[in-house]
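First up is the structure itself, then whatever we jot down about it.
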Amino acid sequence: DVKVTQSSRYLVKRTGEKVFLECVQDMDHENMFWYRQDPGLGLRLIYFSYDVKMKEKGDIPEGYSVSREKKERFSLILESASTNQTSMYLCASSFPEKGTQNFGPGTRLTVT
Amino acid sequence: ELKVEQNPLFLSMQEGKNYTIYCNYSTTSDRLYWYRQDPGKSLESLFVLLSNGAVKQEGRLMASLDTKARLSTLHITAAVHDLSATYFCAVEGAQKLVFGQGTRLTINP
């Protein structure tokens with residue numbers, strides 16, 4: 001089974017802090033994705049990557065950046081956390097050519 | 001811009017009943033996914049529908065796709081409590097998935 005892991009299940013940070021969310025997958029997937037999930041809004045794509053050192057903006061990239069230095073690892077960075085970034089963050093990975101995305105357990109981030 | 005809408009957003013039903021969740025999308029796509037999410041958990045893939053008329057079934061869940069109507073349905077037959085969860089559809093578009101808002105399904109014993 002594909003395993004996608006995320007570094008923390010729960011995280012509490014203060015406004016203005018720099019926050020790193022880590023995602024690791026063990027199935028040699030080329031594609032990796034970061035979403036945020038908010039009640040009533042479904043999942044919204046923040047950034048995605050099709051290869052090492054590659055990144056593409058999703059629908060809501062403002063306030064976020066990403067890093068993919070190794071194929072198995074995709075990091076989401078909140079440069080200066082704000083309260084409106086309080087959310088559930090989900091990482092996913094897949095093979096290219098429209099493969100099913102496999103999701104990690106999620107990180108619930110609270111910014112106070 | 002691809003938009004995906006589910007309805008209903010909330011559904012409370014009794015065990016043993018049948019019901020359908022609808023997923024409408026706004027632009028042409030040939031691939032649609034259904035996912036399940038239990039409270040506090042991540043998303044689990046249920047079905048991938050690849051072509052017009054595709055039908056997939058597993059247990060009490062059956063999903064279908066009508067690409068001409070831009071509509072997918074997830075039908076629940078003789079619901080049981082274990083099916084209580086939030087169900088998402090997602091449509092492939094421009095190299096990424098666009099998700100519906102989710103349908104929170106509660107099945108009462």
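Throughout, read-outs are computed from the coordinates displayed, never taken from laboratory work. Everything quoted here is computed from the prediction, not taken from an experiment. Glycine gets a Cβ as well: all are built from the backbone with ideal geometry, and neighbour counts include every protein chain shown.
Please arrange A:Met54, A:Met88 by how many other C-beta atoms lie within 10 Å of their C-beta, fewest to most.
On the way: A:Met54 13, A:Met88 16.
Lowest count first: A:Met54, A:Met88.
How big is the Cα convex hull of chain A in projection, averaged over all directions, in nm²?
Values: hull surface 25.9 nm².
Dividing the Cα hull surface by four gives the mean projection, 6.5 nm².
In a Gaussian network model over chain B where Cα atoms closer than 10 Å are linked, find which of B:Glu58, B:Glu44, B:Glu92 has the largest mean-square fluctuation.
With Cα springs under 10 Å in chain B, the top fluctuation among B:Glu58, B:Glu44, B:Glu92 is at B:Glu58.
What average number of partner chain Cβ atoms lie no more than 10 Å from the Cβ of the residues making up B:38-45?
Working: counts 0, 0, 5, 3, 12, 11, 2, 5.
Partner Cβ neighbours, averaged per residue: 5.
Over all residues in A:102-108, what is the mean tally of Cβ atoms on other chains that come within 10 Å of each residue's Cβ? Write down the numbers at each step before the final one.
Values: counts 4, 7, 2, 4, 5, 0, 1.
Whole-number average of other-chain Cβ neighbours for A:102-108 is 3.
Tally Lys and Arg at +1 and Asp and Glu at -1 over the other residues with C-beta under 11 Å from the C-beta of A:Arg9: what net charge comes out? Mind showing how you got there, number by number?
Numbers: positive: A:Arg108, B:Lys41; negative: none.
Around A:Arg9, the charge tally is +2.
What is the sum of charges around A:Met88, taking Lys and Arg as +1, Asp and Glu as -1, for the other residues whose C-beta is under 13 Å from the C-beta of A:Met88? The partial results should precede the final answer.
On the way: positive: A:Arg9, A:Arg36, A:Arg44, A:Arg108, B:Lys41; negative: A:Asp38.
Combined, the nearby Lys, Arg, Asp and Glu give +4.
Three principal axis extents, largest first, for the C-alpha atoms of the protein assembly as shown, in Å?
49, 36, 33
Just to confirm a number: summing +1 for Lys and Arg and -1 for Asp and Glu over residues other than A:Val52 whose beta-carbon lies under 14 angstrom from that of A:Val52, what do you get?
Values: positive: A:Lys53, A:Lys55, A:Arg68, A:Lys70, A:Lys71, A:Arg73; negative: A:Asp28, A:Glu30, A:Asp51, A:Glu56, A:Glu69, A:Glu72.
Here the charged neighbours net out to 0.
Which pairs, out of B:Lys17/B:Lys96; A:Lys70/B:Lys68; A:Lys53/B:Lys68; A:Lys13/A:Lys70, put more than 31 Å between their alpha-carbon atoms? Display every interim value, and only then the final one.
Numbers: B:Lys17/B:Lys96 35 Å; A:Lys70/B:Lys68 41 Å; A:Lys53/B:Lys68 39 Å; A:Lys13/A:Lys70 26 Å.
Violating the 31 Å limit, Cα to Cα: B:Lys17/B:Lys96; A:Lys70/B:Lys68; A:Lys53/B:Lys68.
What is the fewest-to-most order of B:Arg36, A:Arg73 by other Cβ atoms lying within 10 Å of their Cβ? Let's see the in-between values first.
Working: B:Arg36 18, A:Arg73 14.
Lowest to highest Cβ neighbour count: A:Arg73, B:Arg36.
Can you sort B:Thr27, B:Thr103, A:Thr86 by how many other beta carbons sit within 10 Å, fewest first?
Working: B:Thr27 13, B:Thr103 21, A:Thr86 16.
With the fewest neighbours first, B:Thr27, B:Thr103, A:Thr86 line up as B:Thr27, A:Thr86, B:Thr103.
Based solely on C-alpha atoms, express the radius of gyration and the Dmax of chain B in angstrom.
Taking only Cα atoms of chain B, I get Rg and Dmax of 13.2, 42 Å.
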